[in-house]
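Notes for the one structure printed next.
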Amino acid sequence: MFPLHRLNMPKIYLVRHASPDLTLKHIPYDIHPGPPLSPKGERESEALAEFLKAQGVVKLYYSPFARSARTAQIILARSGIPCVEEIRLVEWQKDEKTDKVAERMSLVFDDIARESAVIGPVALVSHGGPIACLLLSLGIEKDTLSVFRKKFDGSNPLPPAGAWAAEWNEEDKTWDLNLLFIPATEEEVR
């Protein structure tokens, strides 16, 4: 995974969409378009935009699901970071096997890593399950991932609007993976 000629060391932010409106029970979560963002999710997206801008992100790819697309729209509006829809970042589909999710996420990640080596830091907005598969593909230990999955809703490895950084370590030829952004809770904002 990831042999290429680089101008820069790639840095990719793996972002989970902001909080969706789960009160809309008639909208299936895993079927496109899925639920929209909640008002809380809108606020989380604004904070995420400021974080990504401060990190120097120059481009963002997003899942076409409504919650991811809206997260990206808010990021664009707040930060000016160009956003591109990427179908391979979709939510885990009902009959999709783990190895297929890992494969599609790894393929899109490799494409984005190559681009990041040329243009600078890039973010991708996807969903918790697919991001967990990608983190395993990138080398995170299962035990480490399990610790993070116990901290957040739905056994996800990051909270809504959270962001992992994947930075290429040339010396070790591995990805350094760190959870760098967790949006403030409503209580912390007050």
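Only the coordinates and a few stated rules stand behind these numbers; no lab work does. What you see is a predicted model, and the numbers here were worked out from it, not measured in a lab. Neighbour counts run over all protein chains shown; Cβ positions are idealised from the backbone, glycine included.
Values computed for the structure shown
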quantity	calculated
GluC sites (Glu not before Pro) within segment 145-177, DSSP loop, no more than 11 other Cβ atoms inside 10 Å	170, 171
DSSP-assigned coil residues among trypsin sites (Lys or Arg not before Pro) in segment 129-175, each with at most 16 further Cβ atoms within 10 Å	173
222 nm mean residue ellipticity, helices alone, for the chain (DSSP H n ≥ 4; -39,500 (n - 2.57); rounded to 500)	-12500 deg cm²/dmol
Over 20 Å between alpha carbons, listed pairs 11/59; 53/151; 97/142; 59/97; 40/94	53/151; 59/97; 40/94
Fewest-first sequence of 29, 62 by Cβ atoms within 10 Å of each Cβ	29, 62
DSSP bridge pairs, the chain: antiparallel proportion in percent, nearest 5	50
DSSP H segments from the chain that extend 24 Å or more along their own axis, Cα-based, with Kyte-Doolittle mean of 0.0 or above	98-119
Likely footprinting exposure, 32, 26, 17, fewest C-beta neighbours within 10 Å first	26, 32, 17
Spatial separation of Cα centroids for segment 158-179 and segment 12-60, in angstrom	19
Taking the chain and dividing mean pair separation by its residue count, relative contact order in percent (alpha carbons under 8 Å, at least six apart)	30
The chain, dipole about Cα centre (Lys/Arg Cβ +1, Asp/Glu Cβ -1), debye to the nearest 20	280
Cα gyration tensor shape for segment 1-102, rounded if a/c is under 1.5, else prolate or oblate	oblate
Once the Cα gyration tensor of the chain is diagonalised, semi-axes √(5λ) in Å	24, 19, 16
Residue 170-residue 147 pseudo-label distance in nm [points 7 Å out on the Cα-to-Cβ vector]	2.9
